[in-house]
Amino acid sequence: MNYVCSYKDRRKTVQGEVLNFEKIEGDKGDTVSFDEVLLVSKDEDVQVGTPFVEGAKVVGEIISQIRGPKITVFKMKRRKGYSKKTGHRQDLTSLKIKEIVV
């Protein structure tokens with residue numbers, strides 16, 4: 001069974017898949033549910049929501065709270081002697097999809 005879930009962005013996944021989302025508050029082992037399901041498909045049966053599928057819910061379990069890769073931000077204005085180097089690491093949540101309720 002495939003589904004498309006909307007939480008800050010759109011993801012197409014299946015049950016049992018592990019995904020990295022932007023930080024979701026919670027500890028390891030907590031369950032998270034998403035009510036904004038845009039599309040659910042099982043074999044040839046496809047349900048498309050307007051905008052969300054009625055009664056559909058996706059339940060996941062938090063595996064870990066991690067940090068993404070380091071991104072280097074470098075700003076420079078030529079011939080002015082100005083340069084600035086900073087970095088950024090995004091906080092992420094690893095989430096395993098447990099079940100899809102329709």
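Within region 9-27, can one find any residue that is closer than 15 Å to Asp91 by Cα, among the aromatic types (Phe, Trp, Tyr) and in contact with a Phe, Trp or Tyr (Cβ under 7 Å, 6 or more places away or on another chain)?
Going residue by residue through region 9-27, those that are closer than 15 Å to Asp91 by Cα are 19-27.
Then keep just the ones that are among the aromatic types (Phe, Trp, Tyr); that gives 21.
Then keep just the ones that are in contact with a Phe, Trp or Tyr (Cβ under 7 Å, 6 or more places away or on another chain); that gives 21.
Looking through region 9-27, at least one residue is closer than 15 Å to Asp91 by Cα, among the aromatic types (Phe, Trp, Tyr) and in contact with a Phe, Trp or Tyr (Cβ under 7 Å, 6 or more places away or on another chain).
Can you tell me how many residues in region 83-96 are over 26 Å from Phe34 (Cβ atoms) and surrounded by 10 or more Cβ atoms within 10 Å (Cβ to Cβ)?
Narrowing region 83-96 to residues over 26 Å from Phe34 (Cβ atoms): 83-88.
Add one more test, that the residue is surrounded by 10 or more Cβ atoms within 10 Å (Cβ to Cβ), and what stays is 83, 88.
Counting residues in region 83-96 that are over 26 Å from Phe34 (Cβ atoms) and surrounded by 10 or more Cβ atoms within 10 Å (Cβ to Cβ) gives 2.
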field: Qualifying residue in region 15-35 (condition: closer than 30 Å to Lys85 by Cα, at pLDDT 95 or above and charged (D, E, K, R))
entry: no
- prompt: Within region 41-82, restricting attention to residues that are farther than 17 Å from Phe21 by Cα and among the small types (Gly, Ala, Ser), which residue is surrounded by the fewest Cβ atoms within 10 Å (Cβ to Cβ)?
  reply: Gly81
query: What are the residues in region 58-97 that are farther than 29 Å from Asp27 by Cα and basic (Lys, Arg), if any?
result: Lys75, Lys77, Arg78, Arg79, Lys80, Lys84, Lys85
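In region 54-62, is there at least one residue being farther than 16 Å from Lys12 by Cβ, aliphatic (A, V, I, L, M) and at pLDDT below 95? I'd like the intermediate steps shown before the answer.
Narrowing region 54-62 to residues farther than 16 Å from Lys12 by Cβ: 54-55, 57, 59, 61-62.
With the extra rule that they be aliphatic (A, V, I, L, M), the set shrinks to 59, 62.
Still in the running and at pLDDT below 95: 59.
Checked against the condition, which is being farther than 16 Å from Lys12 by Cβ, aliphatic (A, V, I, L, M) and at pLDDT below 95, region 54-62 yields at least one hit.
Would you mind listing the strands (runs of 3 or more DSSP E) fully within the chain where at least 2 residues are among the hydrophobic types (A, V, I, L, M, F, W, C) and either free of Cβ contacts under 8 Å to residues at least 40 places away in the same chain or in contact with a Cys (Cβ under 7 Å, 6 or more places away or on another chain) (or both)?
Working: elements: 2-6, 10-14, 18-22, 31-34, 37-42, 45-48, 57-67, 71-77, 82-88, 91-101.
Here the list reads 37-42, 45-48, 57-67, 71-77.
The values are calculated or read from the model by the stated rules, or taken from the named source; none is laboratory data. Worth saying up front: this structure is predicted, and the values here are computed from it rather than measured. Reconstructed Cβ throughout: ideal geometry from the backbone, glycine too, with neighbour counts over all protein chains shown.
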